[in-house]
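The values are calculated or read from the model by the stated rules, or taken from the named source; none is laboratory data. Note that this is a predicted model, so its numbers are computed, not measured. We place every Cβ from the backbone using ideal geometry, glycine too, and count neighbours over all the protein chains shown.
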Amino acid sequence: AGLLGHIPQVVLMDSFGASEALGFGSSAMTKDGEVRTATFQIGPRCKVFDEEENLVEPGSGMAGIIAIGGPIPLGYYKDPEKTAKTFRTIAGQRYSIPGDWCTVEADGAMTLLGRGSACINTAGEKVYPEEVEEALKTHPIIEDALVVGVPDDKWGQAVTGVVVLASGVTFDEDDVRRHVRASLAGYKTPKHILLTQVPLRASNGKADYKTVTEFARRDLGLA
């Protein structure tokens, strides 16, 4: 949106895919338009399956795993186990399924939840970090945020936000928690919100969940 303020005549395109699967979906943003965060129009070769390998019904609210057919890689070099997990055949069609989960809206668009491998299991509920991260980053004092799960005797895993604050602001943890709770279910609201000045992302911009998880465990005395 900031870029469009400088060059309002352009259309910004956002493409969603993976190294193993190009063409999951796309979105377009114009100066006067509005795009929902992490929402994409589903690509023509893309399907969304539930855990029983049935197609997810649009508007059902059910989470499903994203798959793409058509021209896809043969597999990972010398890694048959990972190949079998990612490249699967469903109803006679071979798909690439890197592990991203989403919901399918009533209009057919997909709303990305995140990678299943990063999913936090708290009190029997699944929480996808990206959804909570986006809620945290909409608070005006937060510059960046990652969300991880840490061991917890009561919850199994406790949803934990690690945030970098904007300069010159005062941190109010309860206010940040209320802000998240206003848009997400209570079980998705972080039990802990930790401050750090260390970059949360690798040099390529990808979230560094491993380092952030280690930091959170140390900060909470769980290392």
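Quick notes on this one:
- Residues of region 68-101 that are more than 16 Å from the chain's Cα centre (by Cα) and either part of a strand (DSSP E or B) or not assigned by TED's automatic domain parsing to the domain that holds G17 (or both): I68, F87, R88, T89, I90, Q93, R94, Y95, S96.
- Pairs where the first residue, in region 80-103, is over 15 Å from E20 (Cα atoms) and the second is modelled with pLDDT of 95 or more and among the acidic types (D, E), C-beta under 6 Å, 6+ apart: I90/E53
- Search result, residues across region 196-220 that are touching a Leu at 6+ places or on another chain (Cβ under 7 Å) and either exposed (fewer than 13 other Cβ atoms within 10 Å of the Cβ) or among the aromatic types (F, W, Y) (or both): Y209
- Residue that is surrounded by the most Cβ atoms within 10 Å (Cβ to Cβ), among those in region 152-180 that are charged (D, E, K, R) and over 20 Å from N121 (Cβ atoms): R177
- Residue list for region 32-52, filter: exposed (fewer than 14 other Cβ atoms within 10 Å of the Cβ) and either free of Cβ contacts under 8 Å to residues at least 40 places away in the same chain or touching a His at 6+ places or on another chain (Cβ under 6 Å) (or both): D32, G33, E34, P44, E51, E52
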